[in-house]
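K.L.:
One structure, pasted below without further comment.
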Amino acid sequence: MAVGILLVGGFGTRLMPLTKNTPKPMLTVAGLPVTEHQLAMAKAAGITTVVLATSYLSEVFIPYFGDGSKWGMKLLYAVEKEPLGTGGAIGNAAKLLTGDESIVVFNGDVLSSHNLKQQIQEHEENNADVTLHLTAVEDARAYGCVPTDSDGRVTAFLEKMDNPITNTINAGCYVFKSSIVNSIPKDTVVSVERQTFPELVARHGRVFGFIDDSYWLDIGTPKALLKGSVDLVSGVAKALALTPELIASHSPQRLIMKGAQVDPTARIDGGSCISHGAHVQAGALIDGCIVEAGARIGQGAAIKNSFIAAGAHVQNFAQISSSFVTNSEIIHIPQ
Ligand code: GTP
């Protein structure tokens, strides 16, 4: 059975100020941290041992996830004093894994409904060194693209360009042969995207693409973070982590988690989610929003397409749109 490494140590600068005190993977979408949605996806594919590769705000993960037993998983924690980059993080996390099973690496900021079981199976059938999930995007100019040949072998890793030669991009979920992970240099900064993968292809390593165009989203930008949550609430994306015992009510328009207090005269719409311990007062209108644990929305407030962070308070009758609201600031999200 494969084991997992979840890369959760990045700074998440594009989501500041939300990521000042909360690492990006611990921000909630559809009422739960991004990491919790990813762990549910890993478990559904049969992965029950996962190392969280942490660095920035590493101390935030353990109190929430503990040893993983609450989820029927075994979770281990690797901490980098200074971020080691994606490759260095994988090498460091692998020190906690001893077997020779395939190692599945997840970027910690991706929501994906792709068929991970099949990706692992194809990897093993191909006796591949690495098998990368590739997804097709409409406009690949913002990404590095990854062409494959007719056998599914990756032929190059190309940097961003004005005229990409293919629209398949690296979707941030890799199955590695354990010996390849063990060959990544230890205790030094390494990027898998810029070093490990291109070097493997150059030496004719067995690098395969697994092309699957199911739902996929990188939640690393403000607009994408909100979209990811709405997609999970509305059912566009699979929400495997949302088990019935966590939910007070759920429809494609809204998700109210157990332990949230929502006045019956408040209107929650547009795929919004209200987390455990949040309080929404009378007459408030919440449309296309994430309201995190312990946030308080005053009466008559109208909030659209915004992220109300844990512990933030929105004044009575406030009008807020396309913003991040924390307990100390309101930042407009550039459109
Ligand atoms: P931005 O600063 O907004 O670009 O976000 P980021 O820091 O998260 O970087 P990026 O989106 O490129 O990272 C992709 C994934 O790899 C995220 O899940 C990061 O948490 C993770 N990651 C990036 N760099 C490191 C690192 O040095 N160490 C570890 N453990 N994880 C990393």
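K.L.:
So the check is Cβ under 9 Å with 6+ separation or different chains; which pairs have a first residue in segment 6-31 that's at pLDDT below 95 and outside any loop (DSSP other than H, G, I, E, B) and a second one that's within 6 Å of the ligand (Cβ to nearest atom) and basic (Lys, Arg)?
P.N.:
Cβ pairs passing all conditions: 14/24; 15/24.
K.L.:
Please find, within segment 80-94, the residue that is most open to solvent (accessible area, probe 1.4 Å) out of those that are more than 7 Å from the ligand (Cβ to nearest atom) and out of contact with any Asp or Glu (no Cβ under 6 Å at 6 or more places or on another chain).
P.N.:
81
K.L.:
Restricting to segment 1-17, what's the tally of residues that are open to solvent by 10 Å² or more (accessible area, probe 1.4 Å) and either more than 11 Å from the ligand (Cβ to nearest atom) or within 18 Å of residue 289 (Cα to Cα) (or both)?
P.N.:
4
K.L.:
From the list 266, 302, 310, 237, which residue is in contact with a Phe, Trp or Tyr (Cβ under 6 Å, 6 or more places away or on another chain) and outside the structural domain of residue 214 (by TED's automatic domain parsing)?
P.N.:
It is 237.
K.L.:
Here is a follow-up. Of these, 272, 323, 306, which one is touching a Lys or Arg at 6+ places or on another chain (Cβ under 6 Å), modelled with pLDDT of 95 or more, open to solvent by less than 40 Å² (accessible area, probe 1.4 Å) and not β-branched (Val, Ile, Thr)?
P.N.:
Exactly one residue qualifies, and that residue is 272.
K.L.:
Here's another thing I want to ask about it. What are the residues in segment 21-50 that are among the charged types (D, E, K, R), more than 10 Å from the ligand (Cβ to nearest atom) and more than 21 Å from residue 260 (Cα to Cα), if any?
P.N.:
Across segment 21-50, the qualifying residue is only 43.
K.L.:
Can you find, within segment 51-69, the residue that is nearest to the ligand (Cβ to nearest atom) among those that are assigned to a helix (DSSP H, G or I) and crowded, with 19+ Cβ neighbours inside 10 Å?
P.N.:
Looking at the filtered set, the residue picked out is 61.
K.L.:
Please tell me if residue 110 is under 14 Å from the mean Cα position of the chain (by Cα), open to solvent by 10 Å² or more (accessible area, probe 1.4 Å) and either within 27 Å of residue 230 (Cα to Cα) or away from the ligand (no atom under 16 Å from the Cβ) (or both).
P.N.:
Answer is yes for this residue.
K.L.:
I need the full set of residues from segment 187-207 which are within 16 Å of the ligand (Cβ to nearest atom), of a type in the set (A, V, I, L, M, F, W, C) and open to solvent by 40 Å² or more (accessible area, probe 1.4 Å), in order please.
P.N.:
Across segment 187-207, the qualifying residue is only 189.
K.L.:
I'd like to verify a number: residues in segment 115-133 that are open to solvent by less than 10 Å² (accessible area, probe 1.4 Å) and more than 15 Å from the ligand (Cβ to nearest atom), how many?
P.N.:
Adding up the residues that qualify gives 6.
K.L.:
Is it the case, given these coordinates, that residue 223 is part of a helix (DSSP H, G or I), basic (Lys, Arg) and closer than 26 Å to residue 140 by Cα?
P.N.:
Taking the combined requirement at face value, the residue satisfies it.
K.L.:
Look through 234, 229 and report the one residue that is open to solvent by less than 60 Å² (accessible area, probe 1.4 Å) and in contact (Cβ under 8 Å) with a residue 60 or more places away in the chain.
P.N.:
229
The values are calculated or read from the model by the stated rules, or taken from the named source; none is laboratory data. Computed from a predicted structure; not experimentally measured. Heads up, the Cβs are rebuilt from the backbone with ideal geometry, glycines too, and the neighbour counts pull from every protein chain shown. Accessible surface areas use protein heavy atoms only, side chains included; no ligands, DNA or RNA. Shrake-Rupley method; radii C 1.70, N 1.55, O 1.52, S 1.80 Å.
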